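Heads up, the thing below is written out as structure tokens.
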Amino acid sequence: MFYGAVSWDPWLIVVQIVCLQCLYYLTLGVFMAILVGTRVSQMSLVYFFDYAAINASTVTGWCVIVSFVLGSLSGSVYMLYLVERAIKCLDFSASLYIIHLFICIMYGGWPSSITWWIVNGTGIAVMALLGEYLCVKFREMREIPITRHRSSSDLSYSYCQVDCLTKLKKPRQAQGRESSRAVAKEKSFKEEKAGNGKQQTFTLKIEKQFDRRSERVKSVDFHPTKPWILASLHSGKVCIWNYQSQAMEKSIDVTESPVRTAKFVEREQWIVTGSDDKFIRVYDYNSAEKIKEFEAHTDFIRSVTVHPTLPYVLSASDDKLIKLWDWENDWACTRVFEGHSHYVMGVAFEPKKAIVFASASLDCSVKVWDLGSPNPSFTLEEHSKGINCVDFVTSGDKTYIITGSDDYAAKVWDYETGACVQTLEGHTHNVTAVCVHPEAPIIVTGSEDKTLRVWNAANFRLENTLNYDLGRVWAIGCMKGSPQIVIGCDDGMVLAKVECSHNWDSAELHTEGEEKED
């Protein structure tokens, strides 16, 4: 309701405090009127601010005590809508009771009653703890939709047109040619799907190997040489599972906040994590020893990704920034990429040109960046709601970008032209994860509708829909040289093996035969 995309807004905090304080006293007044007003001839501010009114030796005093306890319970509910972040509930609860203390001192002097301190101490504990529980259960236990927390500068993104042309930094005439070509590709693809006798036979088998119940899994990653899966959990832990022995190798307590992202750094034998407490932490995955810890952002860290060859890590955050970290320079921040107007949900390096990466944001856009420049090279804007995930796929000489959005769809973009060549529709809730399998010509999408959908990368036809009964899907991982995929869900993770009838060489995307424009 109030919490903005920006991480520090003093006026917003003042408004939150004032609203919470007013609602607290309004609710307290209602309870006082019901419980105390029926016992006394006239209500007054004495019952609100005079410490002597809180008296456990009279029935009226107990009515006042019950009113304050009910007021604190109501305050925790108000924080669910005014504050929305569990990590901030204690701060706002303390602020409310400190202001109340000052008013009491001005009204009746320093509270000398031990009963007053017990009642108000209990009130702040109840409000903070219950507020944290409610925020975690009803806010942070689900991803933030695009319609939340929008500042006035973000509102224009709410009306992204699904049928608009991709807005690239190119001449208007060139955009027109690309649009015409995209239409022609779409028409050609539809004719092919209708059945022209030229499609190759495609068979697909996905066999579950094992699953594990756990706290909500927010990210998954394969180790490139060991039979390990890294899973980061909403509970603040990271776990390493051995998928050959189907046993847990290690469990590390990272923080009390959700760990939304974790990656292996095989060449250094590290794990890199990013969490809601705004810190990046680095661990030796052999000894579980913490190597480095630093505050990287001013809001939740949504994604980290490791450069394939250079000593770099990219991090993306709710503070709308992407940062580049150099671990050979003591994890110095060597560049900040600024341009998104809402939370940055994910980042991914382009596999052929590792100096290029893409970022997905709740401002409805994907931006493509060069590591050498703080400004985006171009922007893709055809989703109608926020974008949660992004990945790259290469087929022959062509490169494509895959995105998943809160508009329940995934899209495939031509990297060279910026044209959206296909929309993958069928999910009934937010698309939270996309993954292009490196060994099979398939695209896998995961959603809050609790399903995985598997698409043929040659013609984008839906091949299979899977539901492993582990709740909403938050992460999908795969690895070059392996037929396996791992899926992270609300209630644990699943490892599955993919078998296809042919490989990438015989499964070219339908736009690959098109000639490039000079």
Spin-label pair Val136/Glu266, simplified geometry with 7 Å Cα→Cβ offset, distance in nm: 3.6 nm
Residues of segment 407-422 with amide N under 20 Å of a point placed 7 Å along Cα→Cβ from Thr394: 412-419
Stokes-Einstein D in µm²/s, Kirkwood radius over Cα pairs - segment 78-130 at 25 °C with 0.890 mPa s viscosity: 207 µm²/s
Convex hull volume per residue in cubic angstrom - Cα atoms of segment 61-103: 66 Å³
Quarter of Cα convex hull surface for segment 397-458, i.e. mean projection, nm²: 4.2 nm²
Pairwise label distance in nanometres, Ala247 with Val30, each label 7 Å out on the Cα-Cβ vector: 5.7 nm
Separation of alpha-carbon centers, segment 446-478 and segment 366-386, rounded to whole Å: 25 Å
Calculated from backbone phi, Karplus (6.51, -1.76, 1.60) coupling profile of segment 48-53 in Hz, x at Gly/Pro: 8, 10, 9, 4, 5, 5
Compactness relative to 2.2 N^0.38 Å, alpha carbon Rg of segment 339-396: 1.08
Percent of C-alpha pairs per 5 Å bin, segment 223-379, short to long: 2, 9, 19, 22, 20, 15, 9, 4, 1, 0
Two-decimal ratio, segment 360-514, of alpha-carbon radius of gyration to 2.2 N^0.38 Å: 1.01
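Quick check on segment 275-325: what are the equivalent-ellipsoid semi-axes from the Cα gyration tensor, as sqrt(5λ), descending, whole Å? The partial results should precede the final answer.
On the way: eigenvalues 75, 43, 12 Å².
Listed largest to smallest, the semi-axes of segment 275-325 are 19, 15, 8 Å.
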Length gained when the stretch Thr423-Arg461 is fully extended (0.36 nm per residue, less Cα-Cα span): 12.6 nm
Spherically averaged projected area in nm², based on the convex hull that wraps the Cα atoms of segment 249-288: 2.7 nm²
Length added when fully stretched, Ser373-Trp11, from 0.36 nm per residue minus Cα-Cα: 127.0 nm
Residue-span extension gain [Ala94 to Val40] - 0.36 nm each, minus C-alpha spacing: 16.3 nm
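The numbers here are math on the coordinates, done by the rules we state, and not lab data. Just so we're clear, the structure is a prediction, and the values are computed from it rather than from any experiment. All Cβ positions, even for glycine, are placed from backbone atoms using ideal geometry, and neighbour counts span all protein chains on display.
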